[in-house]
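Student: Sharing a structure below in structure tokens format, with a few things to ask.
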Amino acid sequence: MKKLSLVLAFALAIIMVSCTNNQSKNNEQEATVGQEETTQDFYGTYEGVLPCADCPGIKIVLTLKDDTTYDLSTEYLEKGNETIATSGVYTLEKDVITLITPSTNEETYYKILDGKLALLGSDKQLNEGELADQYILTKK
């Protein structure tokens, strides 16, 4: 009788663990679906003018493609109108896009907002202060 009770208790424990694992997997799947819905529409071209210490601003045009590549053009306004073009790859983790510059492996971070991208600091935090709104690129 003791053996039967032990076997039943063991079987019950296995069933409970199995149910818990299935619930965790369902929660992970739901989170992934929610993330896909949030971020699936971020592909496209974004524009903005970022603050500049010695010029009126830096015009940025960033195109994110669905094959995890990007094109970036940067123009320092009133500084000879030379446009610097860069292409590379990006990664996506939750709602943060990391642009990787191929020649230097430098990383630049953007947070996905509703129809916009916010340039993040090297600590992956939003810029704060009176110029914070100027670090936003708007989707075209």
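The values are calculated or read from the model by the stated rules, or taken from the named source; none is laboratory data. Since we're looking at a predicted model, the values are computed, not measured. Methodologically, a virtual Cβ is constructed for each residue, glycine included, from the backbone with ideal geometry; neighbour enumeration extends over all protein chains shown. Ligands, DNA and RNA are excluded from the accessible area calculation, which covers all protein heavy atoms including side chains. Shrake-Rupley method; radii C 1.70, N 1.55, O 1.52, S 1.80 Å.
Student: Identify all residues within the range 55-72 that are surrounded by 15 or more Cβ atoms within 10 Å (Cβ to Cβ) and in a strand (DSSP E or B); write none if there are none.
Tutor: Of the range 55-72, the ones surrounded by 15 or more Cβ atoms within 10 Å (Cβ to Cβ) are 57-64, 70, 72.
Within the range 55-72, 58, 59, 60, 61, 62, 63, 64, 70, 72 meet the criteria.
Student: Then there is this: Test residue 140 against the stated conditions and say whether it is open to solvent by 90 Å² or more (accessible area, probe 1.4 Å), of a type in the set (Lys, Arg), farther than 17 Å from residue 42 by Cα and touching a strand residue (DSSP E or B) at 6+ places or on another chain (Cβ under 8 Å).
Tutor: Numbers: open to solvent by 90 Å² or more (accessible area, probe 1.4 Å): yes; of a type in the set (Lys, Arg): yes; farther than 17 Å from residue 42 by Cα: no; touching a strand residue (DSSP E or B) at 6+ places or on another chain (Cβ under 8 Å): yes.
Criteria not met by residue 140.
Student: Tell me, which residue of the range 115-137 that is assigned to a loop (DSSP other than H, G, I, E, B) and farther than 15 Å from residue 96 by Cβ is modelled with the highest pLDDT? Give the steps one after another, and end with the answer.
Tutor: Restricting attention to the range 115-137, the residues satisfying the condition of being assigned to a loop (DSSP other than H, G, I, E, B) are 115, 121-125, 127-131.
Filter once more, so that each one left must be farther than 15 Å from residue 96 by Cβ: 115, 128-131.
Numbers: 115: 93, 128: 90, 129: 88, 130: 90, 131: 90.
By that ranking, first place goes to 115.
Student: For the range 98-140, name all the residues that are without any contact (Cβ under 8 Å) to a residue 12 or more places away in the chain and at positive phi.
Tutor: 105, 129
Student: Next up: If you scan the range 73-90, which residues turn out to be surrounded by 12 or more Cβ atoms within 10 Å (Cβ to Cβ) and out of contact with any Cys (no Cβ under 8 Å at 6 or more places or on another chain)?
Tutor: Let us first name the residues in the range 73-90 that are surrounded by 12 or more Cβ atoms within 10 Å (Cβ to Cβ), namely 73-77, 79, 86-90.
Matches in the range 73-90: 73, 74, 75, 86, 87, 88, 89, 90.
Student: While we're looking at this one, here's another question. Among residues belonging to the range 101-114 that are in a loop (DSSP other than H, G, I, E, B) and of a type in the set (Asp, Glu), point out the one that is most open to solvent (accessible area, probe 1.4 Å). Please lay out each step first, then the result.
Tutor: Our first condition is that a residue be in a loop (DSSP other than H, G, I, E, B); within the range 101-114, this holds for 101-106, 114.
Within this subset, residues satisfying the condition of being of a type in the set (Asp, Glu) are 106, 114.
Details: 106: 105, 114: 149 Å².
In this case the residue turns out to be 114.
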